[in-house]
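So the structure is just underneath, and the comments pick up after that.
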Amino acid sequence: MACVEEPVKPAVQAPAAGVAPEAPPPSFAAFVQQHHGDLIRFLRSRLPNEDDAQDLAQECYARLLRYQHDHDTTSLQFLLFRIARNLLTDAWRSRKAQHQDTHVPVDDVELEAPQPTQLDRIHGEQQINVIKNVIRRLPPRCQAVFVFSRIDGLSHNEIARRCGISTRAVEKHITKALAACRAALGEDDRP
Amino acid sequence: MTHHELDTAALDPHETHPIAAEAERRFVRCLSPDCSAEEHADTAQWRLASAAHEAAYQQARALWRASRALASDPDAMMLRKGAEAHVRRLRGEGRARSRRLRQALAASVAAVALAWGGWQGGLFDALRPPPVMADHQFETAVGEQRVAALADGSEVVLNTGTAVEAHLDRQQRAVTLHSGEALFDVAHDRRRPFVVAVGEDTVTALGTRFQVRHTGDDAVVTLFEGKVRIARADGRARDLAPGEQARLAAAGGIEVIRIRAEDADAWSRGWLVFRDEPLSEVVAEVNRYATTPINLADPALGNLRLSGNFRVGDSTSMASAMAALLPLRVTTQGEGLALAAR
């Protein structure tokens, strides 16, 4: 799934679907708590917007979690920022690819070929057309929130201010819009 | 919009795809600047708990990233206009509602006051809602255009290479056009004048639609609706009527001409309109939007005259269009393009 090269091979495999995971030790949440501020600052200073920084922070945690059993806090901290750097390199690479062709394929961040194929391009265009049709049929407020987010690139807080609603309400509208897009796009992307 | 609305309640994802819905909720939450470390850790653990969770989360992410291509879609401006209009409508309703409430309150207070036998002046003013105060900064890169909303409900459309700053306080709505060109659709608020500063000059509006251009040393003010007052640093002032355009030259003075309003703000609809203009000016205008500038191989070509409507776009296709209309050919010149005689 990821083209990020993790610096260490996972010693513990992620549990398979349907298998109840071992309860992670409480120390993981404490570790995140301790480093979250630094990580966000680190990412924020290297990315154009808040959303991307938050999204990559979550990716870092999800990946880091696979290694938590084998590392002491110092190496975990090192690993956290190593993963962050790798993800940043990825994001930059995909942004560069994006500038060569504005109609990016869906899985741009997971893109392994340097250039999207013609098929990817067509797929990306079709997908955008479906998304556009979904947006036009959303209730007005939900539509406005999604447009401000995806077209104007505003943060949740900015959208909340502009629409005169709470940040939580903004999140609800975006979640609703994403669900509507997913429903319209069908099960194509599902394995 | 003629489409029927999606019944988002009917396709409630919690019924059919609970994992996908949960993944979307978590993903969107994680994008928020106020998402706590605890929530991040919890979502990371939720994702690790099953491959289905992770797959659903990655699908939400992929959809999110794919939808970013909307920003460069030809329909982006239209969708954005729709969203802005909706917000304005909401604000309008909000204002009407608070006005009704204010009137109702005022009536009951008046009744009490009359029964009491006294009347306090200024009571109505005290009942008005406090004006919205906010600071805004907007910028566009070369070739970029953007619609921005101010907290008072006014709208600013920024043209290419523009920087605008706004400070809304109790007394006034102070906007500074640092560079570039902006179209202002001003929300009516008689208590707070809307003042656009261009260098040392100002343009003051109440509720109106006008645009200000600040390129080089000169400023150009065009009024579409309502009324604005221009005040120059030297003390000269002039009111504009709709359809009038004032040029404020660096040397001083206010020179007013009548213009075709639909041409003057064509840029905000994605067009550049030229009517019998010298090529030198056309090229200068096109270059405002271009990261790859166009040059004239021979300055004398600048006297050729050109009319036409051009879609704002990349300079290569603009140069080709000019070469097709005039006896010119396009060549490359270093980083840029050159127009030479055929």
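Each value in this text was obtained by applying a stated rule to the coordinates, not by laboratory testing. As the structure is a computational prediction, the values presented were derived from the model and not from experiment. Positions of Cβ are backbone-derived with ideal geometry, glycine not excepted, and every protein chain shown enters the neighbour counts.
Mind checking the full-extension length gain between residue B:218 and residue B:255? Use 0.36 nm per residue of separation minus the Cα-Cα distance, one decimal, nm.
Details: separation 37, 0.36 × 37 = 13.32 nm, distance 1.15 nm.
Once the chain is fully extended between residue B:218 and residue B:255, it gains 12.2 nm.
Would you mind giving the mean number of other chain beta-carbons within 10 Å of the Cβ of each residue in B:17-25, as a whole number?
Working: counts 5, 0, 0, 5, 5, 1, 4, 8, 7.
For this peptide, the per-residue mean of nearby foreign Cβ atoms is 4.
How high is the relative contact order of segment B:270-341, in percent, counting Cα pairs under 8 Å that sit 6 or more residues apart?
This gives 36 percent for segment B:270-341.
Can you give the average number of partner chain beta-carbon atoms within 10 Å of each beta-carbon in peptide B:71-82, as a whole number?
Numbers: counts 6, 8, 9, 0, 6, 5, 1, 3, 9, 5, 1, 6.
Mean partner-chain Cβ count within 10 Å for B:71-82: 5.
Give me the inter-chain shielding for A:44-57: mean count of other chain Cβ atoms within 10 Å, whole number please. Write down the numbers at each step before the final one.
Working: counts 1, 0, 0, 0, 0, 1, 3, 7, 3, 2, 8, 6, 0, 6.
Counting other chains' Cβ atoms within 10 Å and averaging over A:44-57 gives 3.
Go ahead and run the numbers for FRET between residue B:169 and residue B:342, Cβ-Cβ distance against an R0 of 56 Å, rounding to 0.05.
Numbers: r = 58 Å, r/R0 = 1.04.
That pair, residue B:169 with residue B:342, gives E of 0.45.
About the Cα centre of segment B:216-304, what is the dipole size in debye to 20, counting +1 per Lys and Arg Cβ and -1 per Asp and Glu Cβ, all else neutral? It would help to have the intermediate numbers written out before the result.
Values: 11 positive and 15 negative charges, 71 e Å.
It works out to roughly 340 debye.
Explain nothing, just the number: dipole magnitude of segment B:134-263 about its Cα centre with +1 on each Lys and Arg Cβ and -1 on each Asp and Glu Cβ, in debye rounded to the nearest 20. Spell out each step's value before the answer.
Values: 16 positive and 21 negative charges, 104 e Å.
Dipole magnitude for segment B:134-263 comes out near 500 debye.
Over segment B:134-263, what is the relative contact order in percent, taking alpha-carbon pairs closer than 8 angstrom and at least six residues apart?
Working: 339 pairs, mean separation 19.5, N = 130.
Relative contact order here is 15 percent.
How many nm separate the modelled label positions at residue A:82 and residue B:275, each set 7 Å beyond the Cα in the direction of the Cβ?
According to this spin-label approximation, the distance is 6.8 nm.
So which of A:132/B:227; B:81/B:227; A:176/B:81 end up more than 32 Å apart, counting from Cα to Cα?
On the way: A:132/B:227 38 Å; B:81/B:227 24 Å; A:176/B:81 21 Å.
Result: A:132/B:227 exceed 32 Å.
Please report, in whole Å³, the volume per residue of the convex hull around the C-alpha atoms of segment B:270-341.
That works out to 70 Å³ per residue.
Is the shape of segment B:181-263 best called rounded, prolate or oblate, per the rule: a/c under 1.5 gives rounded, else a/b larger than b/c gives prolate, else oblate, with a ≥ b ≥ c the square roots of the Cα gyration tensor eigenvalues? Walk me through the numbers before you get to the answer.
On the way: a/c = 1.63, a/b = 1.22, b/c = 1.34.
Cα axes put segment B:181-263 in the oblate bin.
Taking the Cα atoms of segment B:129-216 alone, what are Rg (to one decimal) and Dmax (as a whole number) in Å?
Values for segment B:129-216 (Cα only, Rg and Dmax): 12.1, 41 Å.
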